[in-house]
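Read the structure below first, then the notes.
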Amino acid sequence: YLGTSISTDSDSFQDVVVKIQRPTYHKPFLGGFKNRITGVEFHNAGSQTVPKKRPDKGIQVFCRETQTIFEKNKLQQTKNTTSTQMTKIGLYVSNKTDKLISPGKYLTAEEYHKCRLEAVIVLQKYFRRWHAINVVQDLREKKRLRLAWEAQEELRKKKEKEEKLRREQERRLNPKTKEDFELVYQALELWRQEETERINRTLTGGERKAALCELLEEEAELIASIGRKKQNADEENQPKAILRFLDKCAQPKRWKAYDGKITEMDTQQTLRARELFEMYRSVSKDCFTKGERRDVLLTLRRTVKEHECKLTWEIVELIDREVDLMSRKVKECNLEGLRKRICTLFLQFIKTPKFNPEVARMLKVPPDPLKLYKNVHFCNSCENYLPSTEFPVPASSRTIGKCHLCCKLDNEARGREAFLKYRLILEDLRKSEADYEDDAKVAFLVQYQDLQYMIENIWGCQSALSACSDLYDLVMVRWDKQREWSPWNTILLTKDEADAHLKLCDLQKAYEAPFIHRIKHKHIQAKNYFVQIPAMMTFLHRSDYQVN
């Protein structure tokens with residue numbers, strides 16, 4: 001408490017007791033000022049009565065200030081005072097602007113709605129005309145685009161056909177691969193058959209025999225010419241085959257993870273194989289200068305000198321000889337034989353598992369003799385013991401017959417058939433089945449001989465829809481895409497037809513009943529042929545289970 005006196009009048013004072021209560025809360029800063037001379041700070045004062053606390057009821061309550069606006073609508077009609085004036089005594093009002101209004105024809109509700117309906121019909125007529133014009137223009141534009149696309153596709157197919165014929169002609173004139181020589185021998189056989197038929201049709205007696213002898217001599221000359229071309233092609237392809245072999249040895253280990261990503265890993269063996277591969281490629285090149293060639297030879301010398309044997313001694317001796325001849329400025333043409341010997345011996349060095357362990361899994365003859373007894377078969381034609389990979393094993397075979405080389409020689413001598421078309425169809429089939437990722441196995445079990453039998457004897461070498469007989473344009477796809485491919489779940493179509501077929505959802509609605517019955521009949525024929533094969537029985541039972 002604080003006592004103070006205040007003046008009531010000019011001469012009297014009264015004592016007043018002032019009650020001061022200290023606040024329990026932090027007093028806020030409300031501003032102020034500072035005396036610049038004395039440095040004393042003065043704060044603005046504030047007073048606040050202590051708020052009355054509500055009694056605690058033990059329940060947590062919340063409050064929120066709200067304000068509602070009350071609205072009230074009321075119609076108001078303002079007054080509009082008008083007046084009229086007529087002519088009278090003493091006042092003249094002009095009637096120039098007056099209008100004479102006469103009652104018109106009365107319209108009933110039925111007549112009014114009828115009039116509105118006629119107006120609506122007129123509007124609909126013009127709208128439908130405008131809409132029809134737009135539809136016709138849209139159809140005309142689609143027709144133009146369709147015709148342009150068809151013309152473009154026709155031009156593309158024509159160009160592809162011309163390019164295919166040109167490429168096939170080029171392959172026959174300059175054969176390089178096994179498939180090219182198959183085409184050459186097939187063309188030779190067709191020519192021989194045509195000439196034989198012409199001779200038998202036009203000549204008789206001694207003239208016929210003489211013409212057949214002359215034809216035989218021409219055939220022998222052509223076969224000899226083909227043999228020379230094959231020898232030249234082998235010489236050209238041998239360096240490429242060696243590089244492919246070494247590159248395959250140098251590839252890292254690959255495996256597919258659960259998420260579909262490919263993981264690669266290099267081991268000591270693959271790194272060693274890659275180092276030798278790069279070194280062989282450098283040694284076999286002829287585009288280096290003398291200094292670069294000398295560095296390559298010295299690197300090769302250090303590499304092979306790590307192992308002491310007769311082969312490495314010969315390589316080191318040849319390297320020293322070439323370096324000595326290069327220092328004596330011998331011509332490059334005189335060093336070709338020496339460089340070929342170095343490449344040959346170094347390739348032999350690379351193919352030795354002792355120096356290059358990774359090459360052991362790529363060699364046809366394994367370094368361990370005991371492995372030869374596990375998977376070796378006897379060829380009845382050439383009378384050689386060869387691994388199983390050297391024998392063609394179609395799904396319908398029951399015994400091991402001739403090896404690949406004997407089958408090729410027999411085909412060149414007698415049958416002279418070209419299997420390239422069937423190999424291409426089988427490759428396309430296996431690629432499409434691998435894209436499904438549903439663990440399909442039958443497509444990787446059948447061989448091109450089985451596919452050839454199906455195409456020729458069951459499907460007649462033509463498309464089931466358009467009867468196209470160009471095998472280069474035909475593919476085999478699933479008949480029912482929900483089940484894996486098999487000889488009893490397939491259809492032979494062109495590439496465009498196959499793309500359209502795989503987009504269908506319901507085959508019963510897309511195709512007519514006679515067509516479906518014809519396809520089912522071909523599937524039954526394929527079943528009757530492949531059911532004799534024990535390996536196909538499990539897939540046949542699994543296919544029946546999927547259908548059920």
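The values are calculated or read from the model by the stated rules, or taken from the named source; none is laboratory data. This is a predicted model, so every value here is computed, not measured. All Cβ positions, even for glycine, are placed from backbone atoms using ideal geometry, and neighbour counts span all protein chains on display. Surface accessibility is based on the protein's heavy atoms, side chains included, excluding ligands, DNA and RNA. Shrake-Rupley method; radii C 1.70, N 1.55, O 1.52, S 1.80 Å.
Going by the alpha-carbon gyration tensor, a ≥ b ≥ c the square roots of its eigenvalues, is the chain rounded (a/c under 1.5) or, if a/c is not under 1.5, prolate (a/b greater than b/c) versus oblate?
Here the chain falls in the oblate category.
Using protein chains only and a probe of 1.4 angstrom, how many square angstrom of Leu465 are accessible, to the nearest 10?
80 Å²
Which lysines does Lys527 reach when only Cα atoms under 22 Å apart count, and residues fewer than 8 places away in its own chain are ignored?
Lys441, Lys481
How much solvent-accessible surface does Phe346 expose, in Å² to the nearest 10, with a 1.4 Å probe and all protein chains in place?
Result for Phe346: roughly 0 Å² accessible.
Using 0.36 nm per residue of separation minus the Cα-Cα distance, give me the extension gain between Ala500 and Gln137 in nm, one decimal.
127.9 nm
Please compute the length gained on full extension between Ala45 and Leu107, using 0.36 nm multiplied by the number of residues separating them and subtracting their Cα-Cα distance.
Length gained between Ala45 and Leu107: 13.7 nm.
Which value in nm describes the separation of the simple spin-label points at Val17 and Glu170, placed 7 Å from the Cα toward the beta carbon?
Placing both labels 7 Å beyond Cα along the Cβ direction yields 12.4 nm.
Relative contact order of the range 262-363: what whole-number percent is it, with Cα pairs under 8 angstrom and at least 6 residues apart?
32 percent
Could you pull out every residue, at least 5 positions away or on a different chain, whose amide H is within less than 5 Å of the one on Asn384? Hs are placed 1.01 Å off N in the peptide plane, and Pro or chain starts have none.
Hits under the 5 Å cutoff: Cys379.
Relative to the longest principal axis of the chain, what angle (0 to 90°, nearest 10) does the C-alpha long axis of helix 178-202 take?
60 degrees
What pairs in Lys161/Lys256; Lys421/Lys520; Lys142/Lys495; Lys176/Lys351 have C-alpha atoms more than 28 Å from each other?
Lys161/Lys256
Applying 1/(1 + (r/R0)^6) with R0 = 25 Å to the Cβ-Cβ distance of Leu215 and Lys408, what FRET efficiency is obtained, to the nearest 0.05?
Working from the Cβ atoms, E equals 0.55.
Take the residue pairs Lys431/Lys503; Lys364/Lys408; Lys79/Lys105 and return only those whose Cα atoms are more than 23 Å apart.
As for pairs spanning more than 23 Å Cα to Cα, those are Lys79/Lys105.
Quick one: helix 534-547 against the long Cα principal axis of the chain, what's the angle to the nearest 10°, folded into 0 to 90?
20 degrees
Once R0 is set to 45 Å, what does the formula 1/(1 + (r/R0)^6) return for the Cβ-Cβ distance between Glu427 and Glu292, expressed as a FRET efficiency to the nearest 0.05?
Given R0 = 45 Å and the Cβ-Cβ separation, E is 0.60.
Out of residues 5 or more away from Trp479 or on other chains, whose amide H comes under 5 Å of its own, with H placed 1.01 Å from N in the peptide plane?
Residues meeting the criterion, in which the H sits 1.01 Å from N, are Thr490, Ile491.
If we sort 259-265, 275-281 on the protection proxy, mean other Cβ atoms within 10 Å, highest first, what's the order?
Highest to lowest by the protection proxy: 275-281, 259-265.
Residue by residue through the range 280-291, what is 3J(HN,Hα) from phi via Karplus (6.51 cos²θ - 1.76 cosθ + 1.60, θ = phi - 60°)? Round to whole Hz and write x for glycine and proline.
Computed from phi, the couplings for the range 280-291 are 5, 5, 5, 5, 7, 7, 10, 9, 8, 7, 5, x Hz.
Quickly rank 184-193, 78-87, 202-211, 349-358 as a protection proxy: mean count of other C-beta atoms within 10 Å, highest first.
Highest to lowest by the protection proxy: 349-358, 184-193, 202-211, 78-87.
Report the extension gain between Arg129 and Glu179 in nm, rounded to one decimal, defined as 0.36 nm multiplied by the number of residues separating them, less their alpha carbon distance.
11.6 nm
Counting only the heavy atoms of the protein chains, how much of His523 is accessible to a 1.4 Å probe, in Å² to the nearest 10?
10 Å²
Taking the mean number of other Cβ atoms within 10 Å as a proxy for protection, how do you rank 89-96, 119-126, 483-490, 317-324 from highest to lowest?
Order by mean packing, descending: 483-490, 317-324, 119-126, 89-96.
Out of residues 5 or more away from Ala418 or on other chains, whose amide H comes under 5 Å of its own, with H placed 1.01 Å from N in the peptide plane?
Placed amide hydrogens put nothing under 5 Å from Ala418.
Report, to the nearest whole %, how much of the accessible area of the chain belongs to carbon and sulfur atoms, 1.4 Å probe, protein only.
The computed percentage sits at 54.
Over the chain, what relative contact order in percent results from Cα pairs under 8 Å that are six or more residues apart?
About 7 percent, as a whole number.
Determine the dipole magnitude for the range 420-545: charges of +1 sit on the beta-carbon of Lys and Arg, -1 on that of Asp and Glu, nothing else is charged, the reference point is the Cα centre, and the result goes in debye to the nearest 20.
Its charge dipole is roughly 340 debye.
Please give the helix 336-350 orientation as an angle from the longest Cα principal axis of the chain, in degrees from 0 to 90, rounded to the nearest 10.
Tilt of helix 336-350: around 70 degrees.
For the range 223-232, just list the computed ³J(HN,Hα) in residue order, Karplus coefficients 6.51, -1.76 and 1.60, θ = phi - 60°, integers in Hz, with x standing in for Gly and Pro.
Going residue by residue, I get 5, 5, 5, 5, x, 5, 5, 5, 5, 5 Hz, with x marking Gly and Pro.
Rolling a 1.4 Å sphere over the protein heavy atoms, what is the accessible area per residue of the chain, to the nearest Å²?
Result: 77 Å² of accessible area for each residue.
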